[in-house]
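Report on one structure; see the data block that follows.
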């Protein structure tokens with residue numbers, strides 16, 4: 001399968017050629033990964049082999065996939081321009097993220113609602129789209145139905161599954177909730193934007 005065919009499966013069609021050009025320009029290894037709870041994508045450099053690797057989760061909708069891909073390419077660009085001693089999401093990366101994304105900020109690429117959120121987001125990009133609740137929730141609107149809810153949508157006292165474990169939501173904080181794992185009774189702070197499966201049981205613990 002060619003790189004063009006790969007990108008055609010995951011990003012908006014009008015952005016395919018640009019994604020391929022970035023891939024060919026920087027010559028990194030590109031991997032599509034199964035869904036990961038802790039990240040949407042990543043960038044790694046191996047000094048022993050002098051190889052750059054970018055990965056993106058395969059369950060992202062086309063808009064989220066493209067944003068994540070550009071995010072990781074920006075890490076590579078920042079590395080090449082400024083070296084390894086910069087902050088991962090510091091001013092150098094932010095500038096590179098804006099630079100690499102600017103050609104894509106057009107209505108033929110992104111839905112108008114996503115485009116508006118992105119333009120606001122790029123005034124001061126955060127570590128990931130998940131860190132910006134407005135952009136994150138707009139991107140989520142374009143997901144295929146997967147049976148999941150955000151933790152913020154679940155009432156206190158309800159049970160849910162997260163990372164293959166069952167929890168009960170005990171108390172809502174500002175951006176996280178105190179949740180208790182049913183088996184161990186240990187309490188955890190879980191992001192209100194975490195995707196979870198709601199269980200039918202109304203039982204509280």
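Just checking, which of 72, 108 is crowded, with 17+ Cβ neighbours inside 10 Å, in the same structural domain as residue 7 (by TED's automatic domain parsing) and either touching a strand residue (DSSP E or B) at 6+ places or on another chain (Cβ under 8 Å) or farther than 27 Å from residue 175 by Cβ (or both)?
Selected residue: 72, the only one of 72, 108 that is crowded, with 17+ Cβ neighbours inside 10 Å, in the same structural domain as residue 7 (by TED's automatic domain parsing) and either touching a strand residue (DSSP E or B) at 6+ places or on another chain (Cβ under 8 Å) or farther than 27 Å from residue 175 by Cβ (or both).
Looking only at residues in the range 16-38 that are in a loop (DSSP other than H, G, I, E, B) and in contact (Cβ under 8 Å) with a residue 40 or more places away in the chain, which one is surrounded by the fewest Cβ atoms within 10 Å (Cβ to Cβ)?
Start the filter on the range 16-38 by keeping residues that are in a loop (DSSP other than H, G, I, E, B), which leaves 27-28, 34-38.
Then drop every residue that is not in contact (Cβ under 8 Å) with a residue 40 or more places away in the chain, which leaves 28, 37.
On the way: 28: 19, 37: 10.
Within the range 16-38, the match that is surrounded by the fewest Cβ atoms within 10 Å (Cβ to Cβ) is 37.
Which of the strands (runs of 3 or more DSSP E) found entirely inside the range 122-205 contain at least 3 residues meeting this: over 30 Å from residue 101 (Cβ atoms), at pLDDT 90 or above and not assigned by TED's automatic domain parsing to the domain that holds residue 90?
Those strands (runs of 3 or more DSSP E) span 165-172, 176-181, 187-191.
Among 86, 109, 54, which is the only one that is without any contact (Cβ under 8 Å) to a residue 24 or more places away in the chain and either touching a helix residue (DSSP H, G or I) at 6+ places or on another chain (Cβ under 8 Å) or closer than 17 Å to residue 127 by Cβ (or both)?
Within the list 86, 109, 54, the selection yields 86.
Looking at (1) surrounded by 18 or more Cβ atoms within 10 Å (Cβ to Cβ); (2) at pLDDT 85 or above; (3) closer than 30 Å to residue 199 by Cβ, which one does residue 114 not meet, given that it meets all the others?
(3)
Taking the range 75-94, which residues are in contact with a strand residue (DSSP E or B) (Cβ under 8 Å, 6 or more places away or on another chain) and either surrounded by fewer than 14 Cβ atoms within 10 Å (Cβ to Cβ) or in a strand (DSSP E or B) (or both)?
Within the range 75-94, 84 is the sole residue that qualifies.
Regarding residue 186, is this residue over 22 Å from the mean Cα position of the chain (by Cα) and farther than 30 Å from residue 93 by Cα? Spell out the reasoning first.
Details: over 22 Å from the mean Cα position of the chain (by Cα): yes; farther than 30 Å from residue 93 by Cα: yes.
Here the answer is yes, as residue 186 does meet what is asked.
Which number in (1) over 17 Å from the mean Cα position of the chain (by Cα); (2) part of a helix (DSSP H, G or I) marks the one condition that residue 97 misses?
It is condition (1) that residue 97 fails.
The values are calculated or read from the model by the stated rules, or taken from the named source; none is laboratory data. These numbers were taken from a predicted model, which means no experiment stands behind them. With ideal geometry, Cβ positions are generated from the backbone for all residues, glycine too; neighbour counts draw on all protein chains shown.
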